[in-house]
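Asker: I have a structure I would like to understand better, so I am pasting it below and will then ask my questions one at a time.
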Amino acid sequence: MLVSVAANGQTNSRNDSTQVNSKEAKLKEVTITSRKPGTMRLSGAENGICITGTELKKAACCNLGESFTTNPSVDVAYADAATGAKQIKLLGLSGSYVQMMADNIPNYRGLAAPYSLGYVPGTWMSGIQVSKGASSVKNGYESITGQINVGFLDCKGIDRVDAQLYANNDQRIEANADASVHLSEGLSTGLLLHYEDRLKDMDDNDDGFMDDPNVRQYNLMNRWAYVSKHYLMHAMVSGLKENRNGGQMSHGNNLPLAHANHPYLISTETDRYEMHLKNAYLVGNEHNTNIALMLHGSFHRQDSEYGLKQYDAIQRTAYASLIFEHDFDEHHSLSSGLSYVRDYYNQQLYGVSSINCGTESENVSGAYAQYTLNLDKKLIAMVGLRADISSEYDGFVTPRTHIKWAPNKNIALRVSAGKGYRNCHALAENNYLLTSGRTLHIENDLKQEEAWNYGVSGMLRFPIFGRGVTLNAEYYRTQFDEQVVIDYDSNPSAISIHNLNGGKSYSNTFQVDATCMVFEGMTITAAYRLNDVKCTFGNAGLLEKPLTSKYKGLISASYKTPLALWQFDATLQFNGGGRIPAHYDADNFINESRFHSYEQLQAQITREFRHFSVYVGAENITAFRQKNPLINAENPWDSSFDPTLVWGPVKGRMFYVGVRVNFEKI
């Protein structure tokens, strides 16, 4: 943020070498520079952070899935080593228990879940809000471990044109462009474009399979905004087309290519279309009374092949929310509303006789009320209750409470408790499991997932050697009453998706992190998180959740030169070991074992110019990779073939270069 200040003043210092001596002097224009921090704590009752655009530029951040590498709270890992599907982990649990939002509207559910982290280009995001624990009931009942809201670039700002080009040594290329323009007073529009492709098949570990699938994606979004004295409107329409091709390659160590002389290939073709319309009416200025209507619709089609298995599916989703908000006075406010969600799935599965699928549909109608007490920001209490009726699961009630106590600006304590639910569409959300040679079983009549989440956190600011340090500590427990379990342990030759069936399932996470500006322009963040996650896996009993690191450590350093021409960023991650479920490797039974801890280092250098910047960087500089991410890769048609037991990086060291161009007042 740059602020120009022109000032006139008097000076009366006898020691002034210019010897002004009480004569009027006109000071030159002064530029005061304030650097926006990379992450900011949310000020409300919920415990969370806002990852700003400044933080996103510390790494390549080509998409949403690559935007958490410098964040100690959120982990992103491959769900398998063949399709490129990724998943978020928060509070020790998979991303299915995180409510994904886009522009404060629930999104990326069901069929979109396995690959949705690649659907949001990094250059399109203005910031990401991450809140932990059961979130506000305003946005629904689905948040169990937290909520992630993606904020897209706003077209209401200044007229501009931005562009970015990116390439890495894996021959992945990207091109992005966005522009916004004011059409009239109060009316503006923006256009965002994205293209990515991989120019060459890569198999660095020479196992005969592509290290990453070749992804070609076209993505377009058009945004509109209208602002008047009593009315605000935001509208969006977007379209995405993606072809994802992976599997066996023709080269390698003369590996047998396939069944019936054909290679084992994996392909996914996706078409996705979305639109939303958000309207807000300001009814009264005195009490900030407003009514908002939000509408969203999406169409998602996916045609996939996993060897001889074929999965074709369509999902249609409609969402509507009517919200009323009113401030009784400066201390008391109320938010209430109604919501409606309709999900429709049409799924066809070929080559798997153990699973029956067809059409699924669900309608959920809900209502909520949320009261907030704010005593001069020193005590904030938010209490919410919502009730929903599902056509599949009948009625259910969701209570949630958040309390923040901040006696001064240097201390803040938060506690939270709440319940969350999730309606599972097992095959749509986990269709990448079809890559495995194991038999896939899905229990009939899966129950609605149900869990309680409790959390406590504290923030303390204090000085060390004249520099401010911010220290945060938090503990969260998630306890399931009902859960849909992905079970590798009951039968090493099968993957079973079934209900918890009276067993135990819980997650305990403890995290401490500290941020300090060591000297002007130099900031260091250090964090440590401990995970205790266990679940009952059928007849195998209560076990540590597989493929989950026991702990994570992180040290991130960022330095920007005084004139902000150069920026240097580096992040070192320490990932603890964890459990690998029992499995077969060819004809050999591999009993329960563990993976060891490992480190990952990434770094980036950025050079700023007047209207553009150039950056170069490297990921996984330590070059650590999981030795055999594809089990029995030489026999992909065998029942022991399994690319889904991924616990670490599947690719080695990677270098990249990019350029960002920006023009204002077009």
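Asker: Regarding segment 238-259, can at least one residue be identified that is more than 30 Å from LEU153 (Cα to Cα), of a type in the set (Ser, Thr, Tyr) and either modelled with pLDDT under 95 or out of contact with any Ser or Thr (no Cβ under 7 Å at 6 or more places or on another chain) (or both)?
Answerer: For segment 238-259, residues more than 30 Å from LEU153 (Cα to Cα), of a type in the set (Ser, Thr, Tyr) and either modelled with pLDDT under 95 or out of contact with any Ser or Thr (no Cβ under 7 Å at 6 or more places or on another chain) (or both): present.
Asker: Would you confirm, using the coordinates I've provided, whether GLY455 is within 18 Å of SER390 (Cβ to Cβ) and either in contact with a Lys or Arg (Cβ under 6 Å, 6 or more places away or on another chain) or in a strand (DSSP E or B) (or both)?
Answerer: In short, no.
Asker: Here's another thing I want to ask about it. In segment 598-640, which residue that is within 24 Å of the chain's Cα centre (by Cα) and small (Gly, Ala, Ser) is surrounded by the most Cβ atoms within 10 Å (Cβ to Cβ)?
Answerer: The residue in question is GLY617.
Asker: Which condition does ASP532 not pass, out of (1) in contact with a Phe, Trp or Tyr (Cβ under 9 Å, 6 or more places away or on another chain); (2) open to solvent by less than 30 Å² (accessible area, probe 1.4 Å); (3) closer than 22 Å to GLY648 by Cβ; (4) at pLDDT 95 or above, if it passes all the others?
Answerer: Every condition holds for ASP532 apart from (2).
Asker: Residues that are in contact with a Phe, Trp or Tyr (Cβ under 6 Å, 6 or more places away or on another chain) and closer than 27 Å to LEU293 by Cα, at least 1 per element: which strands (runs of 3 or more DSSP E) completely within segment 129-221 meet that?
Answerer: Hits in segment 129-221: 146-152, 187-198.
Asker: For segment 463-477, how many residues meet the condition of being over 31 Å from the mean Cα position of the chain (by Cα) and touching a residue at least 12 places away in the same chain (Cβ under 8 Å)? Let's see the steps before the verdict.
Answerer: Within segment 463-477, the first condition is being over 31 Å from the mean Cα position of the chain (by Cα), and the residues that meet it are 463-467.
Add one more test, that the residue is touching a residue at least 12 places away in the same chain (Cβ under 8 Å), and what stays is 464, 467.
Residues in segment 463-477 being over 31 Å from the mean Cα position of the chain (by Cα) and touching a residue at least 12 places away in the same chain (Cβ under 8 Å): 2 in total.
Asker: State all residues of segment 615-642 that are touching a residue at least 60 places away in the same chain (Cβ under 8 Å), part of a loop (DSSP other than H, G, I, E, B) and either closer than 26 Å to TRP566 by Cα or touching a strand residue (DSSP E or B) at 6+ places or on another chain (Cβ under 7 Å) (or both); if no residue qualifies, say none.
Answerer: Correct list: LEU630, ASN632, ALA633, PRO636, TRP637, SER640, PHE641.
Asker: Against the definition (of a type outside the set (Ser, Thr, Tyr), out of contact with any Leu (no Cβ under 6 Å at 6 or more places or on another chain) and within 19 Å of SER436 (Cβ to Cβ)), how does GLY538 come out, yes or no?
Answerer: In short, yes.
Asker: Among (1) open to solvent by 20 Å² or more (accessible area, probe 1.4 Å); (2) among the small types (Gly, Ala, Ser); (3) touching a residue at least 24 places away in the same chain (Cβ under 8 Å), where does GLY395 come up short?
Answerer: Unmet for GLY395, out of (1) open to solvent by 20 Å² or more (accessible area, probe 1.4 Å); (2) among the small types (Gly, Ala, Ser); (3) touching a residue at least 24 places away in the same chain (Cβ under 8 Å): (3).
Asker: Restricting to segment 182-203, name every residue that is of a type outside the set (A, V, I, L, M, F, W, C) and surrounded by fewer than 15 Cβ atoms within 10 Å (Cβ to Cβ).
Answerer: Selection gives SER184, GLU185, LYS200.
Asker: Which residues, counting only those in segment 472-502, are assigned to a loop (DSSP other than H, G, I, E, B) and either of a type in the set (Ser, Thr, Tyr) or touching a Leu at 6+ places or on another chain (Cβ under 7 Å) (or both)?
Answerer: GLN483, TYR488, ASP489, SER490, SER493 - these are the residues of segment 472-502 that are assigned to a loop (DSSP other than H, G, I, E, B) and either of a type in the set (Ser, Thr, Tyr) or touching a Leu at 6+ places or on another chain (Cβ under 7 Å) (or both).
Asker: Could you please tell me which pairs satisfy a Cβ distance under 6 Å, a separation of 6+ or placement on different chains, a first residue in segment 41-60 that is over 15 Å from ASP569 (Cα atoms) and assigned to a loop (DSSP other than H, G, I, E, B), and a second residue that is among the small types (Gly, Ala, Ser) and at pLDDT 90 or above?
Answerer: LEU42/GLY48; GLU46/SER131; ASN47/SER457
Asker: Of everything in segment 428-445 that's acidic (Asp, Glu) and over 20 Å from THR83 (Cα atoms), which residue is surrounded by the most Cβ atoms within 10 Å (Cβ to Cβ)?
Answerer: This residue is GLU443.
Asker: Name the single residue, out of those in segment 376-390 being over 27 Å from the mean Cα position of the chain (by Cα) and open to solvent by 70 Å² or more (accessible area, probe 1.4 Å), that is farthest from LEU334 (Cα to Cα).
Answerer: ILE389
The values are calculated or read from the model by the stated rules, or taken from the named source; none is laboratory data. From a predicted model like this one, the values you see are computed outputs, not experimental measurements. Reconstructed Cβ throughout: ideal geometry from the backbone, glycine too, with neighbour counts over all protein chains shown. Please note that ligands, DNA and RNA were not included when accessible areas were found on the heavy atoms of the full protein model with its side chains. Shrake-Rupley method; radii C 1.70, N 1.55, O 1.52, S 1.80 Å.
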